[in-house]
Structure formats: structure tokens, C-alpha cells
Amino acid sequence: MKILPEVSRTLSEYLLLPGLTTEDCTPDNVLLDAPLVRHRVGEEPGIRIATPMVSAIMQAVSSPSLAVALAQVGGMSFIHQNQQIEDQAADVRAVKRHRAGFRACEVVVAPQTPLGDVARQLAQTEHGVAVVTQDGTTGSAFLGLISPDDFHLQRHGSSETAGSRMRERGSLVTAPSTVSLSEANELIWEHHQDVLPVLGENGEVVSLVLKRDYQAHKTFHHASVDGDKRLRVGAGINSRDFKDRIPALLEAGVDVLCLDSSDGYSVYQGNVLEFVKEKYGESVFVGAGNVVDGRAFRYLADAGAAFVKVGIGGGAICTTREQKGIGRGQASALLDVVAARDLYAQETGTYVPLCCDGGLLNDSHMALALAMGADFIMLGRYFARLDESPSRKLQIDGQWYKEYWGEGSRRAQNAARYGQRGQMAFEEGVDGYVPYAGSLYDNVARTRAKLTATMISCGSTNLPDFHRDAVMVEVSAESMRQTGAEIAVRRPAIDAGE
């Protein structure tokens, strides 16, 4: 037995001290971009993201819709692996069909499709527009567009057809597949259209450009894209069927893989990384984890991990510490692993990025994690609250929530991920709800603004400088009590007309 001479500390136990804010420290000058995969020191990584946020490898979080939205704003999603290989590969393909700013046609109907069926299909798609084609397939002749603004079931009846209410092709401005995103947006604004159909050589619709995406493209003009301008997406894998799952995901176009485990310090993850290195060389990136100390980081880095995830037991739905007594405060874990990462880079000349996964209760914790040396952040609860997540939106006692459950919960039935065989003997996660928070675009914009403001206050304009120059102090219990507001927060007053 060995007891470390330290106290396990969380991110809540630290505050950043302001640094000198110079004339260069303006929002326009702050860069949040981060390396996602290992690279030689001084060289550019194979994948870099403009927003240092990725979504967790969870059923309740990383759907294709969320993956598309997050890639558009510069982050990346990891499609969960607790499903059949062919289903996960299909999710990856659904994301890769999108070029930056160009959305795939998620709903395609025939002109004779009843409006009731159209309404049901539109309710399941985030961008709310259906393409009407000759036979209801993507490759057939384009006839028009239909959205909820084009019909009302009570007025027109659910049996009336899409063809009777659609905006016909002749009344719409279209663009060829060679159109650039800036040209497409010019056409949308010039011709007062909400949607621009982009057509292939045979007149079929190959993608859509939406007017309401315009502001997101202006705000986040560094979408995560590959060399063909397709949106980037990651996927989770495991240490059991990886020899079958990895080739299928690569064929689907996945950009990066990540081993999905609550505890990554194992020979099983080492074996997967060695297999990938031998079979694919350096052309396939596989992240690994999770870890909480330098020993585990060194093991996975030596095995070839593209990045390493840090954190055990700190997630909002994780009960690993309670059930097994395993874990470490997220701040203590990060500081230890960051020191090991920097020493590894110095000794080997290879930089292995770190992902902070768990223990992030609010946006200020993200800033602290980045200041401590994390390159990017993996979030579950944060994204589960949003429109784009796959879970149901429910109203409870007048408040809107979204369902959220952990991969270690009985609902997920992901027993193998936690080293259990067959029926789960105990759970390492809970099944519950999180307050609904609206659009991913709005929330990520707000978080980026907060991170930018924090870095400006600390005198940094990029993450490497933030890592190097940040100064932190431990917070006492008395300081913690004075961290938030100390008055009753004013609510809108009815008699004041607010």
C-alpha cells in the first residue's frame, strides 16, 4: 500500500489570478484552437480544432445531428460505440455527408406523401425542411421543398399531399454543386430564400444551405473539416470487437477514434493501440483513457495514443467513486498528467494532447482546466441539455428537461465497458434529467465568449500562452462561500412590465 502525500482537489478549489491585459488582448486576437492528436514538437498536428470542446462518447449525447452542429462551430463529436458496428458506421456516414455549411437532405418525400407523414418526419429533423422528389428518393428528380411554414394540418388536413403545398422548383433559386459557401449565402440573401437547394449534374439535390446557419458561419468561420471540406467526426471503440469495428468506421470516413473506458490504464487498451500502429502505421489516430496520473499517461503514450483523456469519477452521472472507491479530484489528476505530458514531450519530442473529461460543473471550470494544461475538453451533461442531443425533451412541473443517462447506468446496458460480464451486477452511472438549455450554437457561442474573456483577463491570446502563464491559487472554504452572488437574485417583476 502507498498513500500519496496530497489532498485530492477539484477544479472548484482554484481561482485564476489576473495577468497583465495588453493592447493585444482583444476578443478578435484570442485563438482557442487546439491540437487534437499527437505530433512532433514544433510541427502542426494532423487534426486541429478551433473550439476546444468535444462531445462525450455517450448514447444520450453524440447523435449525428449534434456532431454536425458541433463540427460547424469548430469542435468535434465522438459517436458512441454501444451499438452495432453497422449502425455506428451509418452515423459516421451521416455526418461525413455534410460539407461545411452544406447540410445533407435528411427528409426526402414523394409528392403524394400525406402531410401527416411529412409533419412526423420533419419533427425528427433539426433543420425542418423536406425535399420533394419524383419518387421520394434522394437521387430522383427534384420537384420542390416543403417545411412546417407551408402547411397547417388543421387547415389543410393530414391526408392532403406534399405536392399540393410544396414550393415548386420553378419558384426557387438553386445552385450547382460547384457553388462556394459564400456564393450560396449571397444567393439566399439576394433572393429572400430560407433554403438554397444545391443540385448535382443530373438535377438531383445533393445538399441544402440554410439561411439560419448564416450567423453561425459568420461567428464560427473555422468549422472542423477534412481535406475535402467534409465535417470531421470521431467515434468510440472498445477493446473487444476493435478488429471488426475499426475497419468499418474507417471505411465510413471517421477522422479519429477513441477507446471508450472508465479506466484506460490496462493492457487491453495497450493491445488495441499496438494493433492499430502495426496495421495502419501513423495514418489512424486513436485516443485512449481515462487516466488520473502520470504512470497511466506514460503507458498509453508509449503505446501510441493520439491523445489521452483525464478523469475518473468526476462526471455528472458517474458513480464510480461511490461504487468502487476509484478516482481522483479532477484538478489533482490534471496537474499530475500535465506534468507527465510535458516531460514526455521534452524527452521524446512528441506532444500528446490531453483531454479533460469530467469534473466540469460550469464554464469557469473549463477555463481552469485549460489553464492547468488541458488541450481540449470532453463534455456530456453540457451537450445533453441541448436541442441537438438525441434524448427526449420533457416538461416536469412546468420546467423543461432533457433525459440524460450514463454509459455505466442500467439503462445504457454497457456492462462490458465497465468490466462486467453479461447482466450488470451494479451500476457506475445514473439515469436522470438535465435542465433544457436550447441551441448548441447559442450555448457554445456563450462559452467561447467566457473563455475568451478569461484569457484576456489573464493576459493570454492563445492556449499555449495560457498554459505557460496562468497563475492560480487554492481557494479556502470561506473563499468558496463568497464566490457567487450574496443577494436574492432579482426576477422580472410583473408590475414593472419586465
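Please give the charge dipole size of region 125-170, origin at the Cα centre, charges +1 on K and R Cβ atoms and -1 on D and E Cβ atoms. Round to the nearest 20 debye. If you can, show how the numbers build up before the last one.
Values: 4 positive and 6 negative charges, 22 e Å.
Value, rounded to 20: 100 debye.
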For the chain, what percent of Cα pairs sit more than 37 Å apart?
32 percent
SASA check, residue 243, accessible area w/ 1.4 Å probe, all protein chains in place, rounded to nearest 10 Å², comes out at 120 Å²
Let me know the Rg and Dmax you get for region 35-87 when you use only its Cα atoms, in Å.
13.1, 40
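Counting heavy atoms of the protein chains only and a 1.4 Å probe, report the per residue accessible area for the chain as a whole number of Å².
Numbers: 23030 Å² over 498 residues.
With all protein chains present, the chain gives 46 Å² per residue.
In whole percent, how big is the carbon plus sulfur part of the accessible area of the chain, probe 1.4 Å, protein atoms only? List each step's numbers first, then the result.
Values: 11280 of 23030 Å².
Carbon with sulfur: 49 percent of the solvent-accessible area.
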Quick query: amide H of residue 161 versus all other amide H atoms, modeled in the peptide plane; which residues come in under 5 Å with a sequence gap of 5 or more or a different chain?
115
With all protein chains present, calculate the accessible area of residue 204 using a 1.4 Å probe and round the result to the nearest 10 Å².
40 Å²
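I want the antiparallel fraction of DSSP beta bridges within the chain, as a percent rounded to 5. Display every interim value, and only then the final one.
Details: 34 of 61 bridges.
Percentage antiparallel, nearest 5: 55.
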Quick one: accessible surface of residue 275, probe radius 1.4 Å, all protein chains present, in square angstrom to the nearest 10.
50 Å²
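Order 28, 375, 363, most accessible first, counting only protein heavy atoms with a 1.4 angstrom probe. Don't skip to the end; give the middle numbers.
Working: 28 145, 375 5, 363 25 Å².
Solvent-accessible surface, decreasing: 28, 363, 375.
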Compute the helix-to-body angle for 181-190: its Cα long axis versus the longest principal axis of the chain, expressed 0 to 90° and rounded to tens.
50 degrees
On a C-alpha basis, how far is the centre of region 173-194 from the centre of region 51-85 in Å? Whole number, if you could?
28 Å
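Per the helix-only calculation at 222 nm, which mean residue ellipticity applies to the chain, given -39500 (n - 2.57) for every DSSP H run of n ≥ 4 and division by its residues, nearest 500 deg cm²/dmol?
Details: 17 runs with 156 residues, N = 498.
Mean residue ellipticity, 222 nm, calculated: -9000 deg cm²/dmol.
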List the residues whose amide H sits under 5 Å from the amide H of residue 14, counting only those 5 or more places along or on another chain, with H placed 1.01 Å from N in the peptide plane.
475
What percent does the relative contact order of the chain come to when contacts are Cα pairs within less than 8 Å and at least six residues apart?
21 percent
Residues of type lysines that residue 393 reaches as a straight line, Cα spacing below 23 Å, ignoring anything fewer than 8 places off in the same chain
402
Folded to 0 to 90 degrees: helix 363-372 orientation relative to the chain principal axis, Cα:
50 degrees
Taking 0.36 nm per intervening residue step and subtracting the Cα-Cα distance, what contour gain separates residue 44 from residue 400 on full extension?
123.8 nm
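The values are calculated or read from the model by the stated rules, or taken from the named source; none is laboratory data. Remember, it's a predicted structure, so these values are computed and weren't measured experimentally. Here Cβ is always computed from backbone atoms with ideal geometry, including for glycine, and neighbour counts include all displayed protein chains. When the accessible area is computed, the model is the full protein with side chains, heavy atoms only, and any ligands, DNA or RNA have been set aside. Shrake-Rupley method; radii C 1.70, N 1.55, O 1.52, S 1.80 Å.
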